[in-house]
Structures are given as structure tokens and as C-alpha cells.
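Comments concern the structure below.
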Amino acid sequence: MRPARALIDLQALRHNYRIAREVTGAKALAVIKADAYGHGAVRCAQALQAEADGFAVACIEEALELRAAGIQSPVLLLEGFFEADELALIVEHDLWCVVHSLWQLEAIEQAALSKPLTVWLKLDSGMHRVGLHPKDYPAAYQRLLASGKVAEIVLMSHFARADELHAQSSAEQVAVFEAARQGLAAEVSLRNSPAVLGWPEIKSDWVRPGIMLYGATPFEEANAVAERLQPVMTLESKVISVRELPAGEPIGYGARFITDKPMRIGVVAMGYADGYPRQAPTGTPVLVAGKLSRLLGRVSMDMLCIDLTDVPEAGLGSTVELWGKNILASDVAKCADTIPYQIFCNLRRVPRLYSEG
């Protein structure tokens, strides 16, 4: 069998969730949308369900997958519903629902529901993606209460630049949120992963840890809490071919790397079809036979090349860590001019193997 695989450490996942709870003292929805950022939503939910306050997904399809797998914890639909007829499924499967648009509010008012909903009412406090305008927010809250269709409301918003620890916009968004919620008696959810890790002054009854659950930092700079996180996924494969090349020889598509001395090259069963970023350049770190080395040349669909010149103990069959506990996904992402969110979510074809650490 092809040796590429992703090892998922469920104990590390629980460790990271506990950090979110510990540093905030708040209730925490584990964000497992996009198949738990490529880690496997069902298995991650099963690993967390004994202690998680609930889960958050993007859409009803993701929520129904969890319910079909026996997950009975609260599940929040972060994008709410896309069609009014989804409301029947939301009630049937006891899901929580974000309301971010006036048309969704109107659909709830007009729906015949067998029991009331739990709604997370989203304010656009400055990101300008989705969320109610501040001038509409208090009236929307009152309309939900008056509808008789809602049992509980949580007030929420989302930060645009919380991963920039010196940006003023997060404080500005909090000010907009506080002004809009004056007089509204409800719990609040503001803090996502970067706000959990880097903005302790922001009050939030509920937090929404996402990327931090998987052990990756959202920051470009050092952060004391982020350094306590444990990587959950180790992406690894093996060397499937070894080449001894003289100076002046090209490596891979486009001859983007030319040997500048006699070199020993390892070919690894890993490529962009597996989710490894094609744009990762020569020099991107890898670990082979337990030693630090580097990527060489352009990443292919199914293979990539690494430098074995200074790792004489490495050869055919040697294990290569592409990211994980030794090669941080955030470092690989930075080399590839992307973010760890994307490289996790892009994982495909590679089998996931789960363990308790």
C-alpha cells in the first residue's frame, strides 16, 4: 500500500480543547466544520463528546453526519439555514442555529415549528461578511422573543483581525457589539481561536475554538498560550526512490532546482493530490529518519523530492514527516505562503489513522 498517511492524536485534541476552557473559564463549542479541518469530524466529535459543551459546523449536512454517527451534544450551524424548509430538520435533530440575516428571522417568524429553537443572533460588528447591521440588531432580538418560536438566544459576532495581536480593530468591534447589545439580556459569544489565545480581556460566555483544537497557531508571532498546544495531525510518508546526482542536474518539473554539488535525492510518496501545498518552495522543512532536511524543487501531484545529502542514514523506506509534532504545520504553511487552516482542509486521499497518543 502507498505509505502516505495522516496520524491523528485524539489525546492531543482533548488537551487543546481543555486549554480553551482553562484560559477562558467559558463554555466552549469545538469547531469541527470542514470535516474537523481535515481531521475527521465524526472521530473528533466522538473523542470530545464526553467533555465538550457542544460542536459547531458550517451547515446542516455536516450536522446530520454527526447525528447519524450518534453524537447527541448540541451542534450549532454557523451559517444558519440556507432555505426555510431546513427549519423542520433543525427542529427534528435538535440543532442550534445562527441567524445572520433578516430573511432568516422572517422565515422563523413564519414557520410552524413543533418546538422552539436555540438561536445565536449574529451581529456584523465590522467584518462585513455576514451578520445583522447594528441598527437592526436590538429589534431582531425583540422580534425573535416575540415570535414564540425561540427558547434561547445567544448574542455573537466574529473578529476580522484577532490574529493580529496589535491591531485595534478587535477592540473597535467589541465596542460596536457592546453598543448594539445594550439592554439585551443574553449570553455572549465573541472569541474564536485567536481571541481565545491572544485577547484575554474580551469577555465571552461561549468561546469557539477552531484551529487551536488541532494544535496550530493562528499567529505569525510567538504566543505563550499557543506554545502549549499539541499538534494533532502528523502527515507522513516514506522514501520510495533514491537518486545520486552530480552537480548541475535538474530536479522535478520545470527544473526549479539544479544541484550545486553532488547530491543524494529522496523521492517521497506525497504530492498536491494528497493536500501537500504545490507552492511549497525549495527549503521547506521536512523530517527524514528523525533528522531535519528540506524539500527540493517543485511538488508533483503524487511525489516530491527531498535532500538526503546530509542524512546518510536515510534511504529507501525511511519515514518522512511533512508536518506534525516536529515540523509544525504553521511553518510549512508560511513557507508555502498560506495558512495552516488551508493545508489541513486540503488533505485528501491520505488515510487517517487515529490513536490516543
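The values are calculated or read from the model by the stated rules, or taken from the named source; none is laboratory data. All of these numbers come straight from a predicted model, not from anything done at the bench. Quick reminder, even Gly has a Cβ in these numbers, built from the backbone with ideal geometry, and neighbours come from all protein chains shown.
When Met263, Met301, Met270 are checked against the criterion of being out of contact with any helix residue (DSSP H, G or I) (no Cβ under 6 Å at 6 or more places or on another chain) and in contact (Cβ under 8 Å) with a residue 60 or more places away in the chain, Met270 stands alone in meeting it. Evaluated against (1) in contact (Cβ under 8 Å) with a residue 24 or more places away in the chain; (2) touching a Lys or Arg at 6+ places or on another chain (Cβ under 9 Å), Asp310 falls short on exactly one condition, (1). Across the range 301-357, which residue is nearest to Gln11 (Cα to Cα) among those that are among the acidic types (Asp, Glu) and assigned to a strand (DSSP E or B)? Looking at residues that are among the acidic types (Asp, Glu) and assigned to a strand (DSSP E or B), I get Glu321.
Here Glu152 clears all of (1) in contact (Cβ under 8 Å) with a residue 12 or more places away in the chain; (2) surrounded by 16 or more Cβ atoms within 10 Å (Cβ to Cβ) except the condition numbered (2). Residues that are assigned to a helix (DSSP H, G or I) and surrounded by 16 or more Cβ atoms within 10 Å (Cβ to Cβ) within the range 40-63 comprise Ala41, Val42, Arg43, Cys44, Ala45, Gln46, Ala47, Leu48, Ile60, Glu62, Ala63, listed in sequence order. Every condition in (1) assigned by TED's automatic domain parsing to the domain that holds Ala30; (2) over 16 Å from Ala28 (Cβ atoms); (3) buried (at least 22 other Cβ atoms within 10 Å of the Cβ) holds for Val239 except the one numbered (1). Within the range 114-130, residues that are of a type in the set (Ser, Thr, Tyr) have Cβ atoms under 6 Å from residues that are surrounded by 15 or more Cβ atoms within 10 Å (Cβ to Cβ) in these pairs: Ser114/Val91; Thr118/Trp96; Ser125/Ser157; Ser125/Gln173; Ser125/Val176; Ser125/Phe177, counting only partners at least 6 apart in sequence or on another chain. Selection of first residues in the range 339-357 that are not assigned by TED's automatic domain parsing to the domain that holds Pro194 and crowded, with 18+ Cβ neighbours inside 10 Å and of second residues that are among the acidic types (Asp, Glu) and not in a loop (DSSP other than H, G, I, E, B), restricted to Cβ pairs under 6 Å at least 6 apart or on distinct chains, gives an empty result. Give just the number: which of (1) part of a helix (DSSP H, G or I); (2) under 17 Å from Arg208 (Cβ atoms); (3) free of Cβ contacts under 8 Å to residues at least 60 places away in the same chain does Ile19 not satisfy? (3) is the only condition that Ile19 fails.
Any idea which of (1) crowded, with 17+ Cβ neighbours inside 10 Å; (2) in contact (Cβ under 8 Å) with a residue 60 or more places away in the chain; (3) part of a loop (DSSP other than H, G, I, E, B); (4) not charged (D, E, K, R) is the one Pro200 doesn't satisfy? Checking Pro200 against (1) crowded, with 17+ Cβ neighbours inside 10 Å; (2) in contact (Cβ under 8 Å) with a residue 60 or more places away in the chain; (3) part of a loop (DSSP other than H, G, I, E, B); (4) not charged (D, E, K, R), the one that fails is (1).
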